[in-house]
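To start, the structure under review is shown below, and the notes come after it.
Computed from the coordinates by the stated procedures, all read-outs in this text should not be read as laboratory data. Remember, predicted model here, so these are calculated numbers, not experimental data. A quick note on method: Cβ atoms are made from the backbone with ideal geometry, for glycine too, and the neighbour counts reach across all protein chains shown.
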Amino acid sequence: MGQGATRPETARDREERELLEAELDSSPVKGQPLRQRLRNFRPDAESAVRALGGPLIWMRRLRAIEDAMDQHERQLEQAWRETDPADWERVAHEWDFSAINDLIARHNAHFPAESRLPMDPRTRDFVRINGKRYEREPLDADWILARWPADRSEALRVDVHDRG
């Protein structure tokens with residue numbers, strides 16, 4: 001099959017062309033403009049230009065949230081191992097999550113618009129991403145104590161990676 005090359009018309013091609021011409025003569029839309037088809041997912045010039053600028057703001061913010069989460073988990077793991085169990089709840093309640101919680105609040109407020117997240121007409125809410133809502137829960141002492149409980153005898157039986 002040659003690209004751009006024309007081949008001689010066969011008897012079958014001629015028959016198909018004549019049938020199409022006959023159908024066109026009786027078509028009710030002959031001579032009328034075709035209905036415009038909307039192509040919602042076709043890349044446009046705007047998205048190409050935005051892509052040249054690197055990751056979008058919502059992508060950078062999600063990366064910052066993940067990096068901060070990893071850092072908190074490493075620090076908490078070390079603090080949990082070094083802190084007396086009687087003091088652990090106090091440490092958990094005093095832990096500062098203000099920076100990451102600010103990122104999470106901005107993510108929850110702006111992600112749908114920035115990422116052009118579509119709506120689900122059945123639920124009248126934004127579509128789920130990998131089966132989960134786009135919102136993230138802020139971190140607090142309950143989050144810490146669920147992963148690193150003050151009762152270490154029970155916690156040490158569970159692998160560190162199973163606490164997520």
For S26 paired with L117, estimate the spin-label separation in nm (one decimal), with each label point 7 Å from Cα along the Cα-to-Cβ line.
5.3 nm
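Where Rh is the Kirkwood radius over the Cα pairs of the range 54-159, the temperature 37 °C and the viscosity 0.692 mPa s, what D in µm²/s does Stokes-Einstein return? Walk me through the intermediate numbers first.
Values: Rh = 15.8 Å.
The estimated diffusion coefficient comes to 207 µm²/s.
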Highest average packing first - 79-92, 109-122, Cβ atoms within 10 Å:
79-92, 109-122
